[in-house]
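The values are calculated or read from the model by the stated rules, or taken from the named source; none is laboratory data. Not measured: the values here are computed from a predicted model. When we count neighbours, we look across all protein chains shown, and the Cβ atoms used for this are built from the backbone with ideal geometry, even at glycine.
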Amino acid sequence: MVISSSTFSNAGGAVSDLFGGIGDILQGGLKAKGLNIQAEGLRLKATGDLAEATNYDRATVLAEQNKQFTETSNAIQESQLDRSNYLQIGGQQAAIAGAGGAASGSALDILADSARQGALSKQVLGQQGMITEAGYEEQAASYKTLADTARTTAAGEQNIANETDQLAKDTKSASDIAAIGSFASSALKGAAAIAPFLLI
Amino acid sequence: MANIRAFDTPALGLKPTETGVESRAATARRVGGFYNQEASALQQLGRDTESLGSFEGQQIKQAGAKVGSGIEAAGDAYVAYEDHKEISHGAAVASDMFVNLEKQWNDTVKNADPNDPSVAAKFKETVLQPSLDKFAENFTTENSQKFADGIVNRYRQHFDTKTAADTSTMAGIAAKQNATQTINSLSSAVYLDPSSLDTAIDTLTHSAGHIVDSSPTIDAETGARVKSELNQKGIESLVKSAVSGMIEKNPNVDLDAIQKKYGQYINGGELKMFQRAAQTQAKANKLADKQLETYQRQQQDYAAKSATAKVVSDNFSADENGNITIKPGAIKQALDIARKYPEAGAAPADTMLKFIQSQQNQERKVVDNPAVVTDLSNRLFDPNNPLTEMDLMRASTKGDISDHTYTKLKGMIGDLETSPLKGPVYQDTMKAAHSTLVLTGVGIPGKDDVGEQNYAKFVQSFIPQYIAKSRAGTLEPNALDVKDPNSMISKAMQPFRRGLTERINDYMSSLGGAAVTTTNGVTSRLYGGVPAPAALGGIASLQRNPTTGEWRDQATGKSYNKDGSPK
């Protein structure tokens with residue numbers, strides 16, 4: 001068998017592929033490690049999201065309590081307004097009656113107007129309370145939404161982290177395949193390079 | 001008037017409260033904050049998720065890319081290994097395959113009919129393509145397959161070219177062979193009838209063109225070359241055959257007309273050469289005829305001699321004393337030989353008939369002529385003039401050898417035919433034995449008849465013993481060593497050895513002792529009272545000029561000074 005330039009070309013190829021295989025393993029390992037770190041980061045984020053969700057839960061509870069407080073406060077204010085109205089109208093009746101007037105004519109108009117003003121004040125007070133309650137209710141709903149979203153995000157990030165870990169494994173596998181190819185190539189080229197010396 | 005007090009109405013008027021409004025407004029703001037906070041976390045988660053998505057996607061993509069690049073690298077390494085392995089192995093296989101395919105194609109071409117145009121296609125279909133397909137199957141990687149494709153394409157291209165070329169060449173050879181048969185036939189025709197030369201040339205030109213043009217596998221270049229060769233060489237061959245035919249008929253024919261008309265096919269030198277060759281051939285033919293005649297005569301001689309030898313072996317026999325008995329049928333068989341071989345058989349038949357006739361002479365009392373016996377004995381070992389039974393019969397008929405000697409020498413001829421002793425060793429040995437037993441070269445005329453008789457007796461006693469031991473495998477290593485007094489031959493010679501004085505006396509006795517003189521122990525011949533110089537003592541035909549005193553060998557014509565030194 002003839003020793004030709006391809007003999008040494010094969011020997012060089014064998015060495016090159018041997019180191020190529022080692023490089024493949026190292027490259028795959030580092031890439032996988034990077035992905036694993038990335039997955040850890042995602043998990044950390046998810047943990048943060050979950051912590052945020054917990055706080056949102058607490059904020060929701062507080063908003064709902066504010067709504068209750070507003071409802072109670074409104075009821076108290078309406079009661080106070082009712083009393084004030086009663087005192088004022090009662091005063092006017094007393095004044096009219098004191099003046100001997102009959103509850104007719106102008107007196108009646110005054111009383112009626114007062115009654116209307118009192119009722120209107122009560123109605124406005126009730127409406128204002130409902131507005132405040134609606135604000136707190138909306139606030140609670142918002143916090144709930146935030147808490148849910150934070151959990152959902154955390155779960156999504158957890159999944160992504162898992163998938164990233166899988167990517168790391170796949171990357172390692174791909175590198176291993178490449179390394180096997182390099183080592184196999186190195187062995188074949190090495191055999192091809194040695195063959196002429198063995199067959200001489 | 002009564003005093004009536006007016007109703008005191010308190011100040012009336014409703015005062016609105018801001019508690020709820022402010023709470024609600026604050027809640028609205030805070031809830032918005034919560035939602036913003038969660039939204040931010042969610043947005044961050046979204047961003048982180050998105051970031052993780054892109055990170056995860058990037059990491060997975062990166063892992064996939066890295067694993068992919070690793071697999072690619074490992075795969076590349078594996079493929080490179082497989083490439084290397086398959087290409088290395090494939091290269092060796094490819095070279096083997098190439099050698100095999102080449103061999104198979106060469107075998108195919110070798111055994112194929114050169115006139116068959118389907119040889120190449122069949123080879124490619126049944127041999128080449130299956131081999132290439134099988135070769136390519138073994139490569140699995142892209143690069144190795146490219147390598148294999150390259151080999152396959154190259155081999156296919158190579159064999160396309162090669163098979164086409166070989167087929168064309170083969171067709172060219174076939175065309176030449178086919179045309180050669182035509183040329184040979186026409187050459188024979190013009191040789192026998194030189195006047196048909198022009199017609200033969202037309203026929204050859206016509207045939208050569210059609211033979212080449214009708215071949216389906218021969219290409220244009222090969223065709224043109226073959227046609228040209230056939231026309232030029234074929235016509236040359238025809239012209240030369242015609243010229244040879246003319247010369248054969250008349251070796252001295254005038255060839256100028258031929259030279260003028262067919263000068264481009266034969267030149268004057270060739271014509272002259274042909275003529276000289278024809279003249280030489282005529283002489284050679286005469287010699288060959290004569291040689292054939294001689295050969296036939298020799299064959300007849302040989303056959304006649306063989307037949308004669310058979311008649312002798314079948315009909316002649318001898319008792320212990322050498323007395324010869326001849327069956328009556330021998331005469332008829334001898335006459336049959338003469339009839340069957342009229343030229344060569346007459347002499348041996350005549351010799352045999354004369355021998356039989358002499359044997360019938362009851363008064364016949366023959367004693368050995370020592371010179372003849374010695375000559376016949378010596379010829380036992382002569383490769384150039386070997387002793388035959390015919391020679392023995394002639395000598396017996398002439399009365400030069402006794403029946404006993406005839407029978408002995410005849411037996412030795414038979415023994416020597418089965419156990420030849422005619423090599424240089426035996427000749428030298430027998431020469432040495434002859435020198436030991438016979439006095440020769442003493443410088444004076446004369447003859448050692450006693451020595452020759454002794455030598456003949458020695459041969460007749462030694463050779464049968466030697467052959468018998470040789471056949472039994474009991475010969476001693478020194479059997480032929482004449483210098484070893486204990487050797488077989490020395491012991492056989494012993495009874496025939498003589499002292500120097502005895503030998504000289506025997507030699508002298510052949511001259512009657514009158515024309516010699518002895519000075520200081522040296523015996524010389526006398527010529528006109530003058531003793532011949534010792535150096536010339538061995539020359540039998542010596543002559544002396546009485547005026548100058550010089551000497552001359554009459555046989556060779558050589559002259560010598562008074563002292564015997566050569567002139």
I'm told B:T140 meets every condition in (1) surrounded by 15 or more Cβ atoms within 10 Å (Cβ to Cβ); (2) polar (S, T, N, Q); (3) assigned by TED's automatic domain parsing to the domain that holds B:I218 except one. Can you identify the failing condition by its number? (1)
So B:Y455 passes all but one of these: (1) at pLDDT 80 or above; (2) farther than 20 Å from B:N505 by Cβ; (3) part of a helix (DSSP H, G or I). Which condition number does it fail? (2)
Name the single residue, out of those in the range B:5-25 being assigned to a helix (DSSP H, G or I) and more than 7 Å from chain A (Cβ to nearest Cβ), that is surrounded by the fewest Cβ atoms within 10 Å (Cβ to Cβ). B:A25
Would it be correct to say that B:N361 is surrounded by fewer than 14 Cβ atoms within 10 Å (Cβ to Cβ), in the same structural domain as B:F462 (by TED's automatic domain parsing) and polar (S, T, N, Q)? no
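Residue-wise test of (1) surrounded by 11 or more Cβ atoms within 10 Å (Cβ to Cβ); (2) modelled with pLDDT of 90 or more; (3) aromatic (F, W, Y); (4) within 41 Å of the chain's Cα centre (by Cα).
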| position | (1), (2), (3), (4) |
| --- | --- |
| A:Q77 | yes, yes, no, yes |
| A:Q88 | yes, no, no, no |
| A:A97 | yes, no, no, no |
| A:D109 | no, no, no, no |
Positions within the range B:26-43 being touching a Ser or Thr at 6+ places or on another chain (Cβ under 8 Å), within 30 Å of A:L35 (Cα to Cα) and facing another protein chain (nearest Cβ under 7 Å), in sequence order: B:R30, B:V31, B:F34, B:Q37, B:E38
Which listed residue, of A:G100, A:G91, is assigned to a loop (DSSP other than H, G, I, E, B), at the interface with chain B (Cβ under 10 Å from one of its Cβ atoms) and not aromatic (F, W, Y): A:G100
Conditions first: (1) outside the structural domain of B:R154 (by TED's automatic domain parsing); (2) touching a helix residue (DSSP H, G or I) at 6+ places or on another chain (Cβ under 8 Å); (3) surrounded by fewer than 14 Cβ atoms within 10 Å (Cβ to Cβ). B:A77 passes all but one, so which condition is the exception? (3)
Pick from the range A:63-81, criterion without any contact (Cβ under 8 Å) to a residue 60 or more places away in the chain and of a type in the set (A, V, I, L, M), ranking: nearest to the other protein chains (Cβ to nearest Cβ): A:L81
Single condition B:L230 does not satisfy, out of (1) surrounded by fewer than 21 Cβ atoms within 10 Å (Cβ to Cβ); (2) within 19 Å of B:N115 (Cβ to Cβ): (1)
Residue among A:K172, A:K144 that is under 27 Å from B:G32 (Cβ atoms) and more than 7 Å from chain B (Cβ to nearest Cβ): A:K144
Only residues that are farther than 26 Å from B:D116 by Cβ and in contact with a Ser or Thr (Cβ under 8 Å, 6 or more places away or on another chain): list them for the range B:201-212, please. B:T203
Counting only residues that are buried (at least 17 other Cβ atoms within 10 Å of the Cβ) and charged (D, E, K, R), the range B:364-378 contains a total of 2
